[in-house]
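Below: the structure, in structure tokens.
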Amino acid sequence: MMYLQIALICLGCFFFIVGTLGLLRFNDAYSRIHAITKADNLGLGLLVLGLLPSAVNAFQGIKLLLIWLLVLVASATASYLIAHYLKQQQEGDV
Amino acid sequence: MNLIPFLLVIPLAWALISLLLPRLPIGPIALLGMLVQSLATALLWRSVQLHGAERYAIGDWMAPLGITLVADGLTVTLLAITALIAMVCAFYALFYLRSHRHEARYFWPLFWFLLASLNGIWLAGDLFNLYVGLELVTFAAVGMVILSANRQTLAAGLRYLYMALLGSIGYLLGVALLYSAYGTLDMRQLAELIEPNWTTHVAMLSISLGLLVKTAIFPFHFWLPPAHGGALAPVSALLSALVVKSSFYILARLWLDVGADVLPVITAQGFGLIGACAIFYGGFKALQQDEIKMLVAYSTVAQLGYLMLVFPLAAGTAPEHSMLAWQGGMLHVLAHALAKSAMFLSVGTLVLAVGSKKIDALAGISTRIPLSLFAFGLAGVSLMGLPPSGGFNAKWLMLQSAIGSGQWHWVVVLSLGSLLTATYIFKVFRVSFDQQAIDSGKGLVKRAPWGMELSALFLAGLAIALGFAAALPVELLSLPEVESSLMEASQ
Amino acid sequence: MNLAFDVLLGIALLLCAAGVFYSRDLFRAVVMFIAFGLLLALVWVRLDAPDLALAEAAIGAGLTGVLMIDAVAHLSAKNAHHQGAQFDQTGARPQLWSRILPVFSAVIIFILLLGAIWWRPDAPVSLPDLVAESLPESGVEHPITAVLLNFRSYDTLLEIAVLLVAVVVAMALKPDTSEPEAGNSKDPILHGLSARLVPPMLVVGVYILWAGSYMPGGAFQGGAILAAALVFLKLAGFGIERLADSLLRIGLALGFIVFLTVATSVMIGGRPFLTYPESVAGELIFFIEAMLTFSIGLILFSLFSQAPPPVAPTSSLQGEQDER
Amino acid sequence: MQTLNAMPWATNFWLAIAGLLLVTLVAGLWRIWRGPTATDRMLAAQLFGTTGVGILLALSQAMQQVALIDVALVLALLAVIAMVAFVKRMQGPSS
């Protein structure tokens, strides 16, 4: 169990690092959106999964899952909104 | 029944009424509230006079766990002057706000919150509670400044807000240090525990700087003239008479009750020095103004400087001289509050009557609107410190203290300051008595409502009357508990 | 490890502060400030003050950011209208002294404070011990709630008054005629997001309020979450700011009214101001807190909604390139 | 089955994770500073919100503070609002 936890958490961190690298290195905003959603979805998701066995009771576990779920919904929508906004901007410019 | 909580509950309740029921005639209701408030204040005054200082534990939790309110001689004096000036300003505002419909709706809730917070500060016996009181004063005062919401008052109000917040941070930082070092926020307990050490000095420095910013003492004065000069007349009166005194009061309380033993003489002399700078700088700037309200606002900067002279006169001098200085300083607070509110109210009437803020526009009005000009003049007499007036008594006590303790340089400052005050007051008179303008029929004015002229005259009359009745507040100041702390201060 | 983490956190916080301070681009400063709020919440965590972390996460990282973005949008909209007439100062190159003076005074303050903390005497009085001793009589189990709502409830009462004053001023500044948010509620995605996010926000807000009696949480944090939910609804185009004026006023003041009424009515029984009868202290505190949560939520939301929506499209900001 | 927290080095492990996430956050500051557009800055802030949630969760284990999960929950709920405000306000009423 412990090793599974460590593996999940490290993998989660890996995605956070990848997301940040993408944010820094990619050239345009669309690719950067792509990068940060990796951290939102996979990074936090794996981290939460890795945390679950350490939760003190079921209530805390549910809260952990809820956090992930909320971030998923929020980040997906925010990404859509900002991409949509960018597209409008570009069409407006042309 | 103990009256202390009612002095807070009454204004808060009236604030809610005027906020929630704007359709009622909230102006007259406010006047009724002021009568109730004054009655409560008078009863508390009497009780303190008879039985000495009172302490009140809120929520039945004893300090240091809970918050204690204290009503001693100084407190009831300030409560009384607050109720008095606020009542007259409320009466004046009834007439003044007729031409300001939008502002009138929000003036009254802010007025009551301001009153509640001022009373809270006079009564507070707890350092953090004073911080909360200061915040409430600041927000209500800034709100009142920007009521008329034009670009000048907004800018002035925002600058006021930022400076006041900066002052609050300084105060809070110092309070946090004191709390971490002594573990209590109760001022009486702190007075017993406090020792002169590095932490105390830094804390007191931070607190003092913060409060100096809020009191608009010389290098930090720049926010005051546009804020006080730009606000509506009754607001300017309340701000100059009472609000700036609240932070000075805390400063005085702290040095007097808590930090008396840890105030180095050099700090006290430094306070006196910036006070002297304020007197001269404010006086010169007042002389240069061509708008009448700005002249009065700069006069406030100068007059606040006198308050700072109390510290060098009281610290490190013989007990009797120290006592004289404190009495003079507190009397100056009262005299200036009365005179300055009278001045702002009368100026408000004058500006309304001639329809211009310029001093030149007042040419020849001495025959047209003599009552307001007379009120302005009476208030000016007190500000200059001419006998008989409250201002004279205050400066006389401070002079005696300075001469007695051999600090001749402060004697020079006090006398020159009065001369400077006379110069800028007479500047207004010279214009208004301009014979040529009177003959040519210039200075035709609108009639001012009688209530406005009367309120200013009433306050100005009181500023003079304080010259005869100065014994009353001075006697209260030396009630047992205050006296003991005064003695500590001088040892 | 602890130390390493804290040092890193401190450096990050300072970087953000410097970023806010030295940023000439207003929007960059705002984003830096949002990041600063987030890091500050972490600092409170490390200082063992989860209550403050909770408040900072809700207000600093959430609401303040929204308010500031809103303000920047207003500024740039105005800027586009009268071409740079009044906001020239924001773009002006700051004088050298105005960069050096703050740094200089910060260093002096830092040194003074360092000395004050280093040579700090041991506190002769311990309030935390007193709080712990009196906690059973307070009616709640969480010491911070006991201090805020019972031992020092007078401070809290005045703090609520401060909030109320702030919103009165905002109302006074609002022009008498202002249009409601333009009805661009067509965006189905945003609509869907609010339908999914606002209910959990309300549930969490109530949970945080309720948790306050035995663990970090309470009226301020709950109120901030409620306010965030309302802001969200407004942004999503639900016309909730069109509440009746009188209803809004009562809602804004409700918490204060209840607090003041309870505080005063106990005096009828001969108790001092703000003394809860011990048998019902817990219930009274919860009741007051619930009303406060509602009012605080409305107040914080009102501060946001009193401002009229920006008048012009603000695309000028988007194109603003960073001049290095 | 042994969970991670039974280990004596668990605290340090969680702190290291939190520290690692903090390092990525500091690196992200560069994007806020550089921009070049407001959108890029907001994207960085968006990532910060998620990273902040991650750090709080890791700290809740490291410091054995259950209350921090609540803080993370609140942050997760509210971090997105700034983004929504940005998009709505920058679009303006014209769209």
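Only the coordinates and a few stated rules stand behind these numbers; no lab work does. For clarity, every value in this text was computed on a predicted model and none was experimentally measured. With ideal geometry, Cβ positions are generated from the backbone for all residues, glycine too; neighbour counts draw on all protein chains shown.
Counting only Cβ charges, +1 for Lys and Arg and -1 for Asp and Glu, the dipole size of segment C:135-315 around its Cα centre is about 280 debye.
Averaged over the residues of peptide C:17-24, the number of Cβ atoms from other protein chains lying within 10 Å of each residue's Cβ is 1.
Starting from the Kirkwood radius over alpha-carbon pairs of segment B:138-264, derive D by Stokes-Einstein at 4 °C in a medium of 1.567 mPa s and give it in µm² s⁻¹.
Details: Rh = 15.3 Å.
This corresponds to a translational diffusion coefficient of 85 µm²/s.
Panel note: the C-alpha atoms of segment B:281-491, placed on their principal axes, show extents of 63, 32, 22 Å (largest first).
Around the Cα centre of the protein assembly as shown, unit charges on the Cβ atoms of Lys, Arg, Asp and Glu (plus for the first two, minus for the last two) sum to a dipole of about 2720 debye.
Of the residues B:THR215, D:GLY35, B:ILE81, the one whose Cα sits farthest towards the positive end of the charge dipole of the protein assembly as shown is D:GLY35 (charges of +1 on Lys and Arg Cβ, -1 on Asp and Glu Cβ, taken about the Cα centre). Mean separation of Cα pairs under 8 Å and 6 or more residues apart, divided by the residue count, gives segment D:9-91 a relative contact order of 32 percent. Over segment C:135-315, calculate the relative contact order: mean separation of alpha carbon pairs under 8 Å at least 6 apart, over the residue count, as a percent. RCO, segment C:135-315: 33 percent. Per-residue ellipticity at 222 nm from helix content only, as computed over the protein assembly as shown with -39500 (n - 2.57) for each DSSP H run of at least four residues, stands at -24500 deg cm²/dmol. How large is log10 of I(q)/I(0) for segment B:326-437 at q = 0.22 Å⁻¹ when the intensity is taken from the Debye formula with one equal scatterer per alpha-carbon? Those come out to -1.12, one per q. Peptide C:61-71 shows a mean partner chain C-beta count of 6 within 10 Å per residue C-beta.
Using every Cα-Cα pair within chain B, state what percent have a distance larger than 28 Å. Summing the P(r) tail past 28 Å for chain B gives 49 percent. Among B:LYS357/C:LYS174; B:LYS357/B:LYS395; B:LYS214/C:LYS234; B:LYS285/B:LYS340, which pairs are too far apart, with a Cα-Cα distance over 28 Å? Beyond 28 Å between Cα atoms: B:LYS357/B:LYS395; B:LYS214/C:LYS234.
Normalised by 2.2 N^0.38 Å, where N is the number of residues, the alpha-carbon radius of gyration of segment B:242-370 equals 1.28. Estimated translational diffusion coefficient (Stokes-Einstein, Kirkwood radius over Cα pairs, 4 °C, 1.567 mPa s) of segment A:21-62: 109 µm² per second.
Would you mind getting me the FRET efficiency between C:ASP48 and B:SER415? Use the beta-carbon distance for r and R0 = 56 Å, nearest 0.05. Approximately 0.45, to the nearest 0.05. Taking only alpha carbon atoms, segment D:9-91 gives an Rg to Rh ratio of 1.07, where Rh is the Kirkwood radius.
Hydrodynamic radius of segment B:389-475 by the Kirkwood approach over all distinct alpha-carbon pairs: 16.2 Å.
Each of B:ARG368, B:ARG23, B:ARG46 was scored by other Cβ atoms within 10 Å of its Cβ. Arranged with the fewest first, they read B:ARG23, B:ARG46, B:ARG368. Put simply, the convex hull of the Cα atoms in segment C:1-82 casts, on average, a shadow of 5.5 nm². How would segment B:12-70 be classified by its alpha-carbon gyration tensor: rounded, prolate or oblate, with rounded meaning a/c under 1.5 and the a/b versus b/c comparison settling the rest? Here segment B:12-70 falls in the oblate category. Mean separation of Cα pairs under 8 Å and 6 or more residues apart, divided by the residue count, gives chain B a relative contact order of 16 percent. At q = 0.17, 0.19 Å⁻¹ the log10 of I(q)/I(0) for segment C:135-315 amounts to -1.06, -1.23, computed by Debye summation with a single uniform scatterer per C-alpha, solvent ignored.
Chymotrypsin sites (Phe, Trp or Tyr not before Pro) within segment D:1-34: which are DSSP loop residues with at most 15 other Cβ atoms inside 10 Å?
D:TRP9
Relative to the globular-protein estimate of 2.2 N^0.38 Å, the Cα radius of gyration of segment A:2-93 stands at 1.29.
Segment B:325-346 and segment B:174-217 have their alpha-carbon centroids 27 Å apart. Principal semi-axes of the equivalent ellipsoid, √(5λ) from the alpha carbon gyration tensor of the protein assembly as shown, are 51, 33, 27 Å from largest down.
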